[in-house]
1. How much length, in nm to one decimal, is gained on full extension between S115 and A39, taken as 0.36 nm per residue of separation minus their Cα-Cα distance?
2. Can you list the trypsin sites (Lys or Arg not before Pro) in the stretch 1-46 that are in a DSSP coil and have 11 or fewer other beta carbons within 10 angstrom?
3. Using 0.36 nm per residue, how much length does the chain from M1 to V71 gain when fully extended, once their Cα-Cα distance is taken away?
4. Are there trypsin sites (Lys or Arg not before Pro) in the stretch 96-159 that DSSP marks as loop and that have at most 12 other Cβ atoms within 10 Å, and which are they?
5. For the pair K145 and V104, how long in nm is the line joining their label points, each one 7 Å along Cα→Cβ?
6. Spelling out what I want: for every residue of the stretch 80-91, take phi, set θ = phi - 60°, compute 6.51 cos²θ - 1.76 cosθ + 1.60 (Karplus), and round to whole Hz; glycine and proline get x.
7. Compute the distance in nm between two label points, each set 7 Å from the Cα along the Cα-to-Cβ direction, one at K30 and one at L62.
8. If I model a spin label at E11 and A85 as a point 7 Å from the Cα along the Cα→Cβ vector, what separation in nanometres do I get?
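The values are calculated or read from the model by the stated rules, or taken from the named source; none is laboratory data. This structure is a prediction, so every number in the text was calculated from the model and none was measured. Counting neighbours? That spans all protein chains shown, and the Cβs are built from the backbone with ideal geometry, glycine included. Just the protein is used for accessible areas: all its heavy atoms, side chains included, with ligands, DNA and RNA removed. Shrake-Rupley method; radii C 1.70, N 1.55, O 1.52, S 1.80 Å.
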Amino acid sequence: MRKSIFQLIDENYNIQNEIRKINKLLFEEKYFSDELCYADYTLERLLEDFLFVDWKYRGTCLTIKSFMKQVNAYIDYNDGKTKIAEDVIINNLECIENFIKLYVDNSNNLFNKNSIKYYGTFSKVFYPLVEVMEKKMGLVKKRFKDKIIIIPKNAALEQVTNIIEDTDVQWELIRYARENLSLSENENLLHIWLLIYILSKIKMNQILS
């Protein structure tokens, strides 16, 4: 039976090809314009020229590419043969989400001081590609203070982090769940974490009272 083009466009989505496409756009597509100097920028160059050096999470890295290599997130988008590991893809998406956030948080200053604005394709093409990839992989992004973490979608994890108000405890739960456990194991462990958290709160209140 013939499938419609609408079925095929969804069924033929290829994560390996799409993540290469996203990274090619990151490094090669000029989404930003400097109206004063008549210059165009890729997201990579824009960050490196104006924002990356002051980003407190860059460590000692001086370029976007070196940062991505150091955090096991760099993808050679010209290599169409080597299979990209899932953890590398997730790290890569996490980098890109934080790079986008870095730009968005500073977009007003960039426009006011340097007359830099983005083309519509940045919000209509690039960012939706990232969101679709995360959805296809069953991933969600969580905001913690001034950073974004990518994690597997997990009902138990969502429930626990929504209850806990302490962002540092939330961060530890997310980090531990992502680094050490499968999704099925998470559900039991997270309820234990929640119980431990509640008990620790009760104990702390008893000490203070």
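1. Extra length available between S115 and A39 comes to 26.3 nm.
2. R2, K3
3. 20.6 nm
4. Answer in residue order: K145.
5. 2.0
6. x, 9, 6, 6, 8, 5, 4, 5, 5, 4, 5, 4
7. 2.5
8. Computed distance between label sites E11 and A85 equals 3.3 nm.
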